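Have a look at the structure below before the remarks.
The values are calculated or read from the model by the stated rules, or taken from the named source; none is laboratory data. These figures come from a predicted structure and were not determined experimentally. Note that we place each Cβ from the backbone using ideal geometry, even for glycine, and neighbour counts take in every protein chain shown. Just so you know, the surface numbers come from the protein's heavy atoms only, side chains and all, with ligands and any DNA or RNA stripped out. Shrake-Rupley method; radii C 1.70, N 1.55, O 1.52, S 1.80 Å.
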Amino acid sequence: MRFLGIDPGLRLTGYGCVDLDPSHPEPRLVEGGVFRLTPGHSLPSRLADLDRDLAAVIEELRPDQLVVEQVFSHVHRARTAILMGHARGVILLAAGRNGLPVIEFAATEVKKAVTGRGHARKSQVQKSVAMQLGLDGIPDPPDVADAIALALCAARREAPATSVVS
């Protein structure tokens, strides 16, 4: 199975793709990257760019499932949550358009799964992802590590169901 994690943003949207192969005990990184959206452009223009870039990655990587964070809103950052909801809507639309099942995780759940702490800092997520995947360096910017962490979390949840019994 192939999992595509997406960390939504209106400036940077991270993506990370991992494969889960029954013959390997751990998921393997296929690709990670970031969509850079131009901050000076209008919101509709950035959303259109995100839609185009995401469609190209879905077509190239052919994931079986898409993984995204659940919406979280802090009382002092309600506007941010609303704006991120626009990017998340584009991501969910892309999943629907491509017939991809969507898995959603709370940010704290993903952080706990990859670092052992639900309130880990971004730098801790970056280091944990790099270590677990045997990468030469940390995924940068942090949005890439967050997206890979989403995909890892989903793949590891799926692992028992897909493992081969001899």
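One table, with the values for the structure above:
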read-out: Cα-based shape type of the chain, given that a ≥ b ≥ c are square roots of the gyration tensor eigenvalues and the cut on a/c is 1.5; value: prolate
read-out: Length gained when the stretch Ser45-Arg62 is fully extended (0.36 nm per residue, less Cα-Cα span); value: 3.6 nm
read-out: Residues of the range 1-143: accessible area per residue with a 1.4 Å probe, Å²; value: 54 Å²
read-out: The chain, helix-only ellipticity at 222 nm - DSSP H runs n ≥ 4, -39,500 (n - 2.57), divided by all residues, nearest 500; value: -16000 deg cm²/dmol
read-out: The chain: angle of helix 142-162 to the longest principal axis, Cα-based, in degrees nearest 10; value: 40 degrees
read-out: C-alpha long axis of helix 122-133 to longest principal axis of the chain, angle in °; value: 30 degrees
read-out: Gain on full stretching of the segment that runs from Arg52 to Glu109 - 0.36 nm per residue minus C-alpha separation; value: 17.6 nm
read-out: Whether the range 44-119 is rounded, prolate or oblate, judged on the alpha carbon gyration tensor where a/c under 1.5 counts as rounded; value: oblate
read-out: Asp21 versus Thr38: modelled label distance in nm, points set 7 Å from Cα along the beta carbon direction; value: 4.1 nm
